[in-house]
Amino acid sequence: MIWSVRQTRRFARQYKKLHDNTAADVDSVVEKVRQSPEIGERKKGDLAALYVYKFRSSCQLYLLGYSLDECVRLVYLEAVGPHENFYRDLKR
């Protein structure tokens, strides 16, 4: 069953700054996550509520961070960006 998707303000700001080809790749990844939210890797420790899906765009590794609300079948898109400093920025 397909889940609904909501964006956080952080995700919207980061998405707006992406190049067009990277934004298209993010759109396809969001559709994959919407179809099957468990494909991401669940984090531990401080970020225990977060799932992260890794993908490549323009020969660079990007990460999509999201959380799930299973009661209402909702995916919250938390952050998107290159691997460098992704977790540090997310903890802030």
Quiz item: Which whole-number percent gives the relative contact order of the chain, counting Cα pairs below 8 Å spaced six or more residues apart?
Solution: 32 percent
Quiz item: Rounded if a/c is under 1.5, else prolate if a/b is larger than b/c, else oblate: which is region 1-40, with a ≥ b ≥ c the root eigenvalues of its Cα gyration tensor?
Solution: oblate
Practice problem: About the Cα centre of region 1-55, how large is the charge dipole given +1 on each Lys and Arg Cβ and -1 on each Asp and Glu Cβ? Please answer in debye to the nearest 20. | Solution: 320 debye
Exercise. Please name whichever of 1, 14, 29 sits farthest to the positive end of the charge dipole of the chain, dipole taken about the Cα centre and charges placed at Cβ: Lys and Arg +1, Asp and Glu -1.
Key: 14
Quiz item: What does the charge dipole of the chain about its Cα centre add up to, to the nearest 20 debye, if the Cβ of each Lys and Arg holds +1 and the Cβ of each Asp and Glu holds -1?
Solution: 300 debye
Exercise. Grab the DSSP H runs of the chain that are 4 residues or longer, score each as -39,500 (n - 2.57), total them, divide by all residues and round the 222 nm result to the nearest 500 deg cm²/dmol.
Key: -9500 deg cm²/dmol
Practice problem: Find the accessible area per residue for the chain; the probe is 1.4 Å, ligands and nucleic acids are left out, and the unit is Å². | Solution: 65 Å²
Quiz prompt | Highest-fluctuation residue, 68, 47, 77 considered, GNM on the chain with Cα pairs under 10 Å | solution = 47
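The values are calculated or read from the model by the stated rules, or taken from the named source; none is laboratory data. As the structure is a prediction and not an experimental result, all values here were calculated from the model. Note that each Cβ is placed from the backbone with ideal geometry, even for glycine, and that neighbours are counted across all protein chains shown. Side chains included, ligands, DNA and RNA excluded: accessible areas come from the protein's heavy atoms. Shrake-Rupley method; radii C 1.70, N 1.55, O 1.52, S 1.80 Å.
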